[in-house]
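One structure is given below, encoded as structure tokens.
The values are calculated or read from the model by the stated rules, or taken from the named source; none is laboratory data. Computed from a predicted model, the values in this text were never measured in an experiment. For neighbour counting, all protein chains shown are included, and Cβ atoms are generated from backbone atoms with ideal geometry for every residue, glycine included. Areas reflect the complete protein model, heavy atoms only, side chains present, ligands, DNA and RNA absent. Shrake-Rupley method; radii C 1.70, N 1.55, O 1.52, S 1.80 Å.
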Amino acid sequence: MTACELVECPVVVGTAGHVDHGKSALIEALTGKNPDRLEVERRRGMTTELGFGELVLPSGKIVGLVDVPGHAHYLRAMVQGATGVDVALLVVSAVEGVMPQTREHVHVLELLGVTHMVVALTMRDLVDDETAELAELDVEAFLEGTVFSDAPVVPVSSRTGEGVEDVRGAIDAAIDVFLAESAERPERPGLAPRLPIDRCFSIKGSGTVVTGTLHDAPITVGDELVSSPAAVRCRVRAIQVHGDTPRALPGQRVALNIVGDGAGDLPRGEVVCGPGAEGSTLRLIARFTYLGREGAKPVPFESGARVHVMAGTAEVIGRIMLMEGDGPIAPGETRTVQIRLEERLPVRSGDGLIVLAFSPVVLIGGGRVLLSQCRRSRELTDAERSLLAALDAGDLASAVAAWLGIQRLPVPAADVARAIDLSGAEAVRLLLAAAASGDAVALHPEHSTEELYAAPAVLDAALTALADTLAAMHEAAPKQTGFTPGEVVHVAWPKAGEDVASALILEGCARGICAIDGAEVFDSHSAAAALRVVREASHRIAALLDEAGLDAPTLPELGQQLQLDRDAMTRALRELSLNRAIVKIERDVALSAAAEVHAREVVAVAIEAAGGAATTSVLREALGVSRKRAISILEHLDAVRFTTLDKEAGGLRSLR
């Protein structure tokens, strides 16, 4: 094999198995390096912490390698190391066969969704053929009924080297199957990278380094990242994947040299991620499989039990609540549960969970996150059951449609992405497909380029609320022609934002439910009656004022004569004033526009006849009205700068 044939492969192989079954020795035989990093581990001959390395396979693939502790006391470290493992290397001693941690580790791998395994039957040189055969049968019997029932069992001796190349070849073949299956999975565009931290340390001259298995998307030198849940911001200064590289791919073991305030204090369990993936939660819904305690009497799992919840490399304490009054969970049973956490846990939909008993800390089950954010209630609606069923089946299209059906109002794509942990691109693609199939309706706010989406039933309910609101408002104020959008929205959709309200009102207009005139929204049917009342009153007022001329009655007298209430009078006078059909000459007196023009003409003629200036008496006589009305008309003409009053000249008026 030449160097040019070697290819970096985004796959992680992780060990599993009971203590003292030879995991570290096998890794050293495969790689030439002892995976135990700590001096105390090498002195005691027992792995207590995660070990990491690289494995070169016969095909030229270079893959990441994680070695986990086998002792029961270090189960937490084993779970953290198993995060991101693609192919498991189960190590079973031919001397002892299947042991408690063999079982426990296989359960962990299954619960985390690992489906590919190679079994290394170690210490083959220490047993005869019959014992080796019995050990192999023991392994096969144990794996029967698990997802690993077809895993190859390869006898090997790390001391003599017998079977080491066979193990290497079996791993190579298992990776080929894994890669083939991965290629058939639908792509998820636009996801942000996530790296659960399993180590954080400092190197002199370089600074802070964090390591972990990369998920979801690549990371490139220069990328800006943020940790979750601590929200520490940092920048990637350098990357190593079996050597320096400008870019790391999902599925690779990665070391990131990062800079940023607080970066050096990031603990194991934090997740460094790209923008949009930094979510964490205090409450989630998951599919939980209860295993019971290995080797103990079967005891049902009761709702509200306090447990340790592990996801990625993080661990928090929480309580598992059974849904909808369900009874206790029997060992081996799987249920949908709500998990309430005491600290924030960085997870997203689809992530694996491992659940440990609160005390003693032993494996009791695990599962997969369905919803990373949920309401506190344990009662589910039919729509929520549909959503959880779609998420459990991995049907994102149905999940989007179901989630839209739970909402009360239209939502932007960003809300959908955040709710069920999609990328922005995924959410838009799925929403457009839902709109095309009739499972969603796209709406367009008036002053925004962002589309909103709603399930048809949700949109119909929102528009029914609009129709009912307008009908009630018009009934309460039958002579009001319309209402401001704010007034309508406050009643119809109290929690709607500006964009949602705008989109719903526009949709209501398109469906004939309402109409918009200027700054008013109205039910065109109810408002028409109010408009007719106002316009009829306007015509009657204008006709009476035209007939009365300069001697028009006061406005209160006018209302009494026409039997109009104050509201109708006010609206009609406003409309007549806006249309310049009347002119108010004082607070309670108005003339028709024609009468006001006539008054100007009479006054102008009288002033010219008087030699350019005339007294109030002369002008009153010319107008032919009472002195009080004449003074009102003349003061109005002064106010509009048609005439001017010279008090020093004895109260003479002249034209301006």
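Relative to the present Cα-Cα distance, how much length would full extension add between A543 and Q560 at 0.36 nm per residue of separation? So the extension gain works out to 4.6 nm.
Cβ under 13 Å from W493's Cβ, W493 left aside: what net charge do those residues give with Lys, Arg +1 and Asp, Glu -1?
Details: positive: R408, K495; negative: D468, E487, E498, D499, E507.
It works out to a net charge of -3.
Taking the Cα atoms only, what angle lies between the long axis of helix 456-476 and the longest principal axis of the chain, rounded to 10 degrees? For helix 456-476, the angle is close to 30 degrees. Computed extension gain for R656 through D415, at 0.36 nm per residue and net of the alpha carbon distance, reaches 80.1 nm. Residues of the stretch 389-422 falling in the label zone of A510, defined by backbone nitrogen less than 17 Å from a point 7 Å along Cα to beta-carbon, are 409-413.
For the stretch 511-656, the relative contact order works out to 18 percent when only alpha carbon pairs closer than 8 Å and six or more residues apart are counted.
How big is the dipole moment of the chain about its Cα centre under a simple scheme where the beta carbon of each Lys and Arg is +1, that of each Asp and Glu is -1, and everything else is neutral? Debye, nearest 20, please. Numbers along the way, then the final one.
Details: 62 positive and 90 negative charges, 555 e Å.
Using Cβ point charges on Lys, Arg, Asp and Glu, the chain gives about 2660 debye.
A Förster radius of 22 Å combined with the Cβ-Cβ distance from E294 to T334 puts the calculated FRET efficiency at roughly 0.80.
In terms of packing, defined here as the mean over residues of other Cβ atoms within 10 angstrom, the peptides 199-206, 8-15 line up highest first as 8-15, 199-206. Model label points for R188 and T245, set 7 angstrom from Cα along the Cα-to-Cβ axis, are 2.1 nm apart. So if each residue of separation counts as 0.36 nm, and I subtract the Cα-Cα distance between D551 and T115, what length gain in nm does that give? 147.1 nm is the gain from fully extending D551 to T115.
Considering only F201, P246, T554, and ranking their Cα positions along the charge dipole of the chain that arises from unit charges at the beta-carbon of Lys, Arg, Asp and Glu, the one farthest toward the positive end is T554. When only Cα pairs under 8 Å and 6 or more residues apart are kept, what is the percent relative contact order across the stretch 169-277? Computed value for the stretch 169-277: 32 percent relative contact order.
Return the carbon/sulfur percentage of the accessible area of the chain, one whole number, probe 1.4 Å, all protein chains in place.
On the way: 15340 of 30130 Å².
Accessible surface attributable to carbon and sulfur in the chain totals 51 percent.
Round to the nearest 0.05 the FRET efficiency obtained for V7 and E162 when R0 = 25 Å and r is the Cβ-Cβ distance.
Values: r = 28 Å, r/R0 = 1.12.
It comes out at approximately 0.35.
Inter-label distance, E224 to D382: 4.7 nm, where each label sits 7 Å from its Cα along the C-beta direction. Angle of helix 164-184 to the longest C-alpha principal axis of the chain, folded into 0 to 90 degrees and rounded to 10: 20°. How high is the FRET efficiency from D326 to V147, r the C-beta distance, R0 25 Å, rounded to 0.05? My answer for the efficiency is 0.40. A 1.4 Å probe over all protein chains sorts D261, D567, D166 by accessible area into D261, D166, D567, starting with the largest. Using the 1.4 Å probe convention, the accessible area of the chain works out to 46 Å² per residue with neighbouring protein chains retained. When you count the other C-beta atoms within 10 angstrom of each residue and take the mean per peptide, 80-92, 571-583, 295-307 line up highest first as 80-92, 571-583, 295-307. Here the Karplus relation 6.51 cos²θ - 1.76 cosθ + 1.60, evaluated at θ = phi - 60°, turns the backbone of the stretch 254-259 into coupling constants of 10, 10, 10, 8, 10, 10 Hz, with x for every Gly and Pro. The modelled label-to-label distance for the pair I631/A433, using points 7 Å beyond Cα in the direction of Cβ, is 8.4 nm. Once semi-axes √(5λ) of the Cα gyration tensor in Å is calculated for the structure shown, the corresponding label among [x] 44, 34, 23; [y] 85, 27, 19; [z] 64, 32, 23 turns out to be [y].
Can you tell me, using C-alpha contacts under 8 Å and at least 6 residues apart, the relative contact order of the chain as a whole percent? Walk me through the intermediate numbers first.
Working: 1327 pairs, mean separation 48.3, N = 656.
Reported as a whole number, the value is 7 percent.
With respect to the chain, whose longest principal axis is taken over its alpha-carbon atoms, helix 382-393 is tilted by about 40°.
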